[in-house]
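Trainee: The structure under discussion is supplied below as structure tokens; questions concerning it will follow.
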């Protein structure tokens with residue numbers, strides 16, 4: 001099974017650890033004072049400290065919802081999605097896009113939610129009703 005690696009910018013290591021380890025439950029990998037790796041749902045994230053963050057472009061429109069580009073996230077099972085949703089709600093993390101079902105009754109039906117990490121990076125979590133429909137044409 002293939003995995004992805006994604007390197008991205010964060011404001012600092014302390015709040016990045018809090019969000020990804022303490023809140024999302026990711027395991028920490030290698031790190032220095034300037035970067036940190038995480039096991040993000042069996043994929044490798046590398047967070048690098050920077051003070052140069054480009055402005056987000058809210059050019060994405062998906063099923064009538066405006067979303068920021070770029071963003072990244074993870075495809076989860078329904079129970080994982082619900083667990084992460086409860087954790088985010090408990091931690092009072094503000095939702096950019098509240099948990100909801102889109103494409104209801106259609107191919108690709110999915111739960112989705114967007115949040116920002118503590119550095120302002122937008123993350124999307126999804127869970128497909130039928131995992132065989134991840135790449136289905138709507």
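Trainee: If I take every Cα pair under 8 Å that is 6 or more residues apart in the chain, average their sequence separation and divide by the length, what percent do I get for the relative contact order?
Mentor: Answer for the chain is 21 percent.
Trainee: Diagonalise the Cα gyration tensor of the range 31-83 and give the resulting equivalent ellipsoid semi-axes, square root of 5 times each eigenvalue, largest first, whole Å.
Mentor: 25, 21, 7
Trainee: Find how much the distance from residue 4 to residue 50 grows on full extension, using 0.36 nm per residue of separation minus their present alpha carbon separation; answer in nm with one decimal. Walk me through the numbers on the way to the answer.
Mentor: Details: separation 46, 0.36 × 46 = 16.56 nm, distance 2.19 nm.
Here the segment from residue 4 to residue 50 would lengthen by 14.4 nm.
Trainee: Using Cα atoms only, what is the angle between the long axis of helix 78-90 and the major principal axis of the chain, expressed in degrees (0 to 90) to the nearest 10?
Mentor: The angle comes out at about 50 degrees.
Trainee: Considering Cα pairs under 8 angstrom that are at least six residues apart, work out the relative contact order of the range 57-133 and quote it in whole percent.
Mentor: The value is 31 percent.
Trainee: Taking 0.36 nm per residue of sequence separation and subtracting the Cα-Cα distance, how much length would be gained by fully extending the chain between residue 71 and residue 136, in nm to one decimal?
Mentor: Additional length available on full extension: 21.3 nm.
Trainee: Taking the Cα centre of each part, how many Å lie between the range 16-62 and the range 97-118?
Mentor: Each part reduced to its Cα centre gives a spacing of 21 Å.
Trainee: Next question. Which whole-number value in Å³ per residue fits the convex hull of the alpha carbons of the chain? Could the numbers behind the result be given before it?
Mentor: Values: hull volume 15.7 nm³, N = 138.
Expressed per residue, the convex hull around the Cα atoms of the chain is 114 Å³.
Trainee: Now a separate question. Just to be sure I understand the curve: with the Debye formula and one point per C-alpha of the range 57-133, what is log10 I(q)/I(0) at q = 0.14, 0.18, 0.23, 0.25 Å⁻¹?
Mentor: -0.43, -0.72, -1.14, -1.29
Trainee: Sticking with this structure for a sec: What is the P(r) of the range 5-49, as percent of Cα-Cα pairs per 5 Å bin from 0?
Mentor: Once binned at 5 Å, the Cα pair distances of the range 5-49 give 6, 27, 38, 26, 4.
Trainee: How big is the antiparallel share of DSSP beta bridges in the range 1-112, given as a percent to the nearest 5? Provide the component values of the computation, followed by the final result.
Mentor: Working: 15 of 21 bridges.
Here the share of antiparallel DSSP bridges comes out near 70 percent.
Since every read-out is calculated from the coordinates, none of them should be taken as a lab result. Predicted model only: the values in this text are computed from it and were never measured.
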